[in-house]
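What follows is a short report on a single structure.
Read-outs throughout are calculated quantities, based only on the coordinates presented, and are distinct from any laboratory measurement. Just so it is clear, the model here is predicted, and its values are computed rather than measured.
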Amino acid sequence: MATTVSGRPGYGSLLRTPGAWTFYLPGFAARQPFAMLTIGIVLLVEHTTGSYGSAGAVAAVSGVSMAVCAPQSGKLADRFGQRRVLLPGVVAHALSVAALVTLALAGAPLWALFLAAVPTGATIPQVGPMVRARWAAVLAPGPGRPASPLAPTAAAFESVTDEFTFVIGPVLTTALCTGVHPAAGLIAEAVLTLAGGILFAAQRATEPAPHPVTKDGRRRASALPAPGVRVLAVAFLGIGAVFGGMQVSLTAFAEEIGRPGVNGVLYGVFAAGNMLAGIACGAIAWKSGPRRRLLVGYTALTLTASALWTVHSPFLLAGLGLLVGLSIAPALISGYTLVDALVPGSARTEAFTWLTGAVALGQAAAVTIAGRLADARGAEAGFLVPLGGTVLALATLFALRSRLRPASAERTVARGVGHREPVTVD
């Protein structure tokens, strides 16, 4: 299935793609864990232990577990199909969250919370990469059918959707945890994951065909050996450091000024900037390629993140957080767009999950470090984490930028079995 677009492609044309709404809407609900889980764990565990460091460590265990297991989930989805991986996954995730909540409220020791956090993170459904793989499948060229010009628009639209969840998720989780019950945010996350995941898995018509073997009968190769994927993973580690550092440090900042409820608002402004930039990226007809946009966007992200630790006013912090958010979307969208030029279609879901897992791993490390710094020296020290993560990632990007080119001299990319189309990466 593919769509043919006349005139200038845009979001309207994208959403008129046959079957788009059937997987997009349930996918939106099912991808909430990535936006709600970390902050939900931090708020619940900090409530029961009184320590941001302990709360950040438990959230970090969950994030590391997700980062390790996400690519394997993506590989299985590419090999056996999304539905067969997703259905048992969402059930296991709901049960794991229930166990973590029960242990935390019962005052279980920290080691027990660490143990419960492992399956909680490992079972986070990789719905975002699955939705991206569906867009790529329905927009791919086929026999007698040209490639759709909507692929970059789809990448931008997915980043907007991701960031919209980060507008809704932290605000909703904070409101539930502070206004209803400290565990309410995690309970809502589990319910949304289960219901959305089941509905998403039921949409069989748009599910990409599984690729258990290659055309010559060999087992399908992994996406990770592609050098560009590894470079992008490092870049996405830095983006995860921004997300994790902001979540913990904004929470600590709100506590320091005696206004804990403002935490969700500050993080929502940060995520709103990301979402607005994503909308703009999809609406612009870019003349530069995604590789150049990634380098420029990441430079802007590093510069804006470098000033976070100097701000002490909630209003100034909201403004600077907005600028940081505006800088994230171009980097994210460019990175996901480059995946199409670096890996074959049979490994696309796995490649997307490597990037999603890298964000989770960076977020987990940032939550741990920022939590310890916030406990010891306050929110100001915690805001140094986004700076450190982006500086290291930016240096890696510039040093290894040549690896973000397709291996083929003709710069072609597999968009489906037996079909290739030219892609401009610069």
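Observations
- Overall size of segment 263-318 from C-alpha positions, given as principal axis extents largest first: 39, 21, 12 Å.
- Derived scalar couplings ³J(HN,Hα) [segment 41-53; Karplus, 6.51 cos²θ - 1.76 cosθ + 1.60; whole Hz; x for Gly, Pro]: 5, 4, 5, 5, 5, 5, 5, 8, 10, x, 10, 5, x
- Cα-based equivalent ellipsoid, segment 89-128: semi-axes from gyration tensor eigenvalues, Å: 20, 10, 6
- By definition, a body whose alpha carbon gyration tensor gives a ≥ b ≥ c is prolate when a/c is 1.5 or more and a/b is larger than b/c, and segment 300-340 fits this prolate description.
- Backbone phi angles across segment 315-321, fed through the Karplus curve with coefficients 6.51, -1.76 and 1.60 (θ = phi - 60°), yield HN-Hα couplings of 6, 5, 5, 5, x, 5, x Hz in residue order; Gly and Pro are listed as x.
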